[in-house]
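For reference, the structure discussed in these notes is given below.
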Amino acid sequence: MDHVLCVRITIQHKIRLGHLVAATLANINKARGADTTIEWTIRSLFAKFRKGDMEIDHKPRACRPVLCDEDHLRQTVETQ
């Protein structure tokens, strides 16, 4: 399972149990490693879930597309 999806499912579970943001942050980072998630992510997902949007899929953002040749970048990094 995708790491991001797994963390989102955990956060959704915690809000259903009535856990607080701080406790959720501490528990996830303790169980999955420091800096697995940040407070902002948990707060935004708590707000989303409280509004009734229980969708956990990671949707693409409406930002500028990356204009990069990934293969060329990968080759450059690997040769250095």
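Values as computed for the structure displayed
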| quantity | calculated |
| --- | --- |
| Lys59 being of a type in the set (D, E, K, R) and at pLDDT 90 or above | no |
| Index of the failed condition, Ala23 passing every other in (1) modelled with pLDDT under 85; (2) part of a helix (DSSP H, G or I) | (1) |
| Counted residues, the stretch 1-20 - those being part of a helix (DSSP H, G or I) and within 12 Å of the chain's Cα centre (by Cα) | 10 |
| Failed item, numbered, when Thr76 is tested on (1) surrounded by fewer than 10 Cβ atoms within 10 Å (Cβ to Cβ); (2) at pLDDT below 80 | (1) |
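The values are calculated or read from the model by the stated rules, or taken from the named source; none is laboratory data. In this text, all values refer to a predicted model and were calculated from it rather than measured experimentally. When we count neighbours, we look across all protein chains shown, and the Cβ atoms used for this are built from the backbone with ideal geometry, even at glycine.
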